[in-house]
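**Student:** Questions regarding the structure given below will be posed in turn.
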Amino acid sequence: MKINTIDLFAGCGGLCEGFEQSGNYNILACVEWEKAPCNNLKKHLAEKWGYHNADEIVLRFDIQRTSELFDGWNDGAYGVSQGLNAILQGKIIDMIIGGPPCQAYSIAGRIRDKNGMRDDYRNFLFESYIRVVKQYKPKAFIFENVPGILSATPMGTPIIETIKKSFYDAGYTILGDLGKAVIDLTEYGVPQKRNRIIILGLSNDVYGENVEILLQKFYNKILPTYKEQVMRTVRDAIGDLPKLYPTKKSQDNGRKRYSHTVAITNIPNHEPRWHSERDQKIFKLLASDIENGVYKYTSTTALKQLYTDITGKKSNVHKYYVLRWDEPSNLIPAHLYKDGLRHIHPDSEQARSITVREAARLQGFPDDYEFIGTQADAYKMIGNAVPPIFSKKLACAVKDLLFTEE
């Protein structure tokens with residue numbers, strides 16, 4: 001018997017991809033408000049996982065309008081749907097998975113925002129998540145987010161304490177010391193430096209006095225069994241992909257930009273951005289500096305000075321970063337859709353930033369996940385996702401803890 005699951009804030013499906021790969025879960029519905037991720041998720045669920053009703057169960061809607069989400073809507077922006085209640089048809093929901101957008105909780109986001117993200121509505125999207133939990137009363141849930149949620153204080157008090165109390169009032173217990181719920185994903189086979197908080201919540205009605213014992217067992221014993229002995233690197237993830245070299249084919253959209261060769265391959269989304277000639281020279285300079293063991297431009301100070309020398313502008317943060325072949329990648333962020341300056345390919349001869357497929361591999365997506373839509377949409381979706389390499393292991397660990405006898 002498969003485990004009936006709803007995915008909230010689903011994005012393009014990083015969590016549910018891993019849950020599907022585990023072979024143990026039945027995705028009954030996914031909720032996401034952005035159009036591009038929904039289109040990608042529908043396509044992938046139908047083509048890879050055989051969900052013939054993907055158009056129906058991937059719900060593009062604003063989760064904050066929870067009553068309509070449950071009972072249906074007819075909306076100019078979101079179309080028409082019968083709603084979650086009708087789609088679920090009274091089925092027992094075993095699991096709810098997902099995590100609200102993390103930008104409001106991220107430390108980087110708070111630094112960039114003049115008001116520390118205190119006015120950002122995303123601080124309180126967890127309330128919609130909890131309303132869905134209360135509606136369908138699953139045995140357990142997975143709530144994923146950035147570690148910055150532990151220190152966020154949008155109303156002057158720690159938001160995590162409000163979240164804890166809200167889950168408790170809804171009938172669920174989560175780990176008391178959530179510092180233990182911060183997971184280094186490089187330990188689980190993700191070739192990227194990415195830490196995430198994974199909050200497992202258990203129903204007090206279902207698990208009763210065993211709740212605390214089960215939570216400790218999950219974090220201390222079961223999930224750690226899925227760690228890998230060897231850390232995966234950039235080379236492991238993208239080293240076998242076809243090389244893409246600069247050409248002089250250009251386009252002019254305000255300033256001249258140049259293309260790279262495009263490999264003839266059955267691997268989708270392996271086409272690079274167009275780069276200015278100046279950027280190509282910078283990429284080659286920085287990658288060559290590392291290849292040749294000079295390391296003139298590896299410090300933050302040197303990279304900031306290089307940016308100033310080239311542009312005449314100053315920046316508080318360094319704009320450039322070359323991936324290291326024999327280390328995990330730096331974080332793959334949603335911001336990657338704006339530019340690739342901090343994700344420069346380590347091969348100096350290629351003189352480019354990473355492709356969508358390279359970003360997807362560093363995020364743990366399989367090559368059979370073909371991203372449709374614009375290149376910018378794809379980078380953003382990938383950066384916002386939970387790495388499927390990890391989410392598969394998470395799915396298996398949850399099954400080991402709660403559903404082994406079902």
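The values are calculated or read from the model by the stated rules, or taken from the named source; none is laboratory data. Values in this document were obtained by computation on a predicted structure and should not be read as measured data. Note: ideal-geometry Cβ built from the backbone for every residue, glycine included; neighbour counts use all protein chains shown.
**Student:** Please find, within the stretch 93-102, the residue that is modelled with the highest pLDDT out of those that are part of a loop (DSSP other than H, G, I, E, B) and in contact with a helix residue (DSSP H, G or I) (Cβ under 7 Å, 6 or more places away or on another chain).
**Tutor:** So the residue we want is ILE93.
**Student:** Step by step: first the residues of the stretch 386-406, then only those that are surrounded by fewer than 24 Cβ atoms within 10 Å (Cβ to Cβ) and more than 15 Å from GLY189 (Cβ to Cβ), then the one that is nearest to the chain's Cα centre (by Cα). Which residue is that?
**Tutor:** LYS399
**Student:** To continue, here is another question. Give the stretch 42-67 a look and list any residue that's over 26 Å from LYS134 (Cβ atoms) and exposed (fewer than 14 other Cβ atoms within 10 Å of the Cβ), or say none.
**Tutor:** GLU47, GLY50, HIS52, ASP55
**Student:** For the structure I just gave you, tell me whether LYS392 is assigned by TED's automatic domain parsing to the domain that holds THR186, at pLDDT 95 or above and more than 19 Å from GLY239 (Cβ to Cβ).
**Tutor:** Yes, satisfied.
**Student:** Would you mind telling me which numbered condition in (1) over 30 Å from GLY373 (Cα atoms); (2) of a type in the set (S, T, N, Q); (3) under 29 Å from the mean Cα position of the chain (by Cα); (4) modelled with pLDDT of 90 or more ASN316 fails?
**Tutor:** The failed condition is (4).
**Student:** Continuing with this model, one more query. Test HIS345 against the stated conditions and say whether it is in contact with an Asp or Glu (Cβ under 8 Å, 6 or more places away or on another chain) and assigned by TED's automatic domain parsing to the domain that holds TYR258. Before the answer, list the steps.
**Tutor:** Numbers: in contact with an Asp or Glu (Cβ under 8 Å, 6 or more places away or on another chain): yes; assigned by TED's automatic domain parsing to the domain that holds TYR258: yes.
Considered against the rule, which asks whether it is in contact with an Asp or Glu (Cβ under 8 Å, 6 or more places away or on another chain) and assigned by TED's automatic domain parsing to the domain that holds TYR258, HIS345 comes out as yes.
**Student:** Here are some conditions: (1) of a type outside the set (Asp, Glu); (2) at negative phi; (3) modelled with pLDDT of 95 or more. GLY373 meets all but one. Which one does it not meet?
**Tutor:** (2)
**Student:** Restricting the search to the stretch 284-306, which residues are touching a strand residue (DSSP E or B) at 6+ places or on another chain (Cβ under 9 Å) and either without any contact (Cβ under 8 Å) to a residue 40 or more places away in the chain or among the basic types (Lys, Arg) (or both)?
**Tutor:** LYS284, ASP289, TYR297, THR298
**Student:** Tally up the residues in the stretch 2-32 that are in contact with a Lys or Arg (Cβ under 9 Å, 6 or more places away or on another chain) and in contact (Cβ under 8 Å) with a residue 40 or more places away in the chain, please.
**Tutor:** Count: 11.
**Student:** Counting only residues that are free of Cβ contacts under 8 Å to residues at least 40 places away in the same chain and of a type in the set (A, V, I, L, M, F, W, C), which one in the stretch 313-367 is nearest to PHE390 (Cα to Cα)?
**Tutor:** Residue satisfying both the conditions and the ranking: ALA359.
**Student:** Taking the stretch 160-180, which residues are surrounded by 18 or more Cβ atoms within 10 Å (Cβ to Cβ) and closer than 14 Å to VAL211 by Cα?
**Tutor:** Scanning the stretch 160-180 gives PHE167, TYR172, THR173, ILE174, LEU175.
**Student:** Can I ask one more? Return the residues of the stretch 39-74 that are free of Cβ contacts under 8 Å to residues at least 40 places away in the same chain and in contact with a Phe, Trp or Tyr (Cβ under 9 Å, 6 or more places away or on another chain); say none if nothing qualifies.
**Tutor:** LYS42, LEU45, ILE57, LEU59, ARG60, PHE61, ASP62, ARG65, GLU68, TRP73
**Student:** Here's something else I'd like to know. Name the residues in the stretch 232-254 that are within 24 Å of the chain's Cα centre (by Cα) and not small (Gly, Ala, Ser), would you?
**Tutor:** Going through the stretch 232-254, the residues within 24 Å of the chain's Cα centre (by Cα) turn out to be 232-241.
Matches in the stretch 232-254: ARG232, THR233, VAL234, ARG235, ASP236, ILE238, ASP240, LEU241.
**Student:** Something else now. How many residues does the stretch 217-273 contain that are surrounded by 12 or more Cβ atoms within 10 Å (Cβ to Cβ) and among the β-branched types (Val, Ile, Thr)?
**Tutor:** 7
**Student:** Additional query: Which of the residues belonging to the stretch 287-303 are outside any helix (DSSP H, G or I) and either β-branched (Val, Ile, Thr) or surrounded by fewer than 15 Cβ atoms within 10 Å (Cβ to Cβ) (or both)? Even if it seems obvious, please write down each step before you answer.
**Tutor:** Filtering the stretch 287-303 down to residues outside any helix (DSSP H, G or I) leaves 292-299.
Hits for the stretch 287-303 are ASN292, GLY293, VAL294, TYR295, LYS296, THR298, SER299.
**Student:** Of all residues in the stretch 10-53, which are hydrophobic (A, V, I, L, M, F, W, C), out of contact with any Cys (no Cβ under 7 Å at 6 or more places or on another chain) and within 27 Å of ASP400 (Cα to Cα)? So that I can check it myself, show each step before the final result.
**Tutor:** So the first thing to find is which residues in the stretch 10-53 are hydrophobic (A, V, I, L, M, F, W, C), and the list is 10, 12, 15-16, 19, 27-31, 33, 36, 38, 41, 45-46, 49.
Cutting the leftovers down to out of contact with any Cys (no Cβ under 7 Å at 6 or more places or on another chain) gives us 12, 15, 19, 28-29, 31, 33, 36, 38, 45-46, 49.
Matches in the stretch 10-53: CYS12, LEU15, PHE19, LEU28, ALA29, VAL31, LEU45, TRP49.
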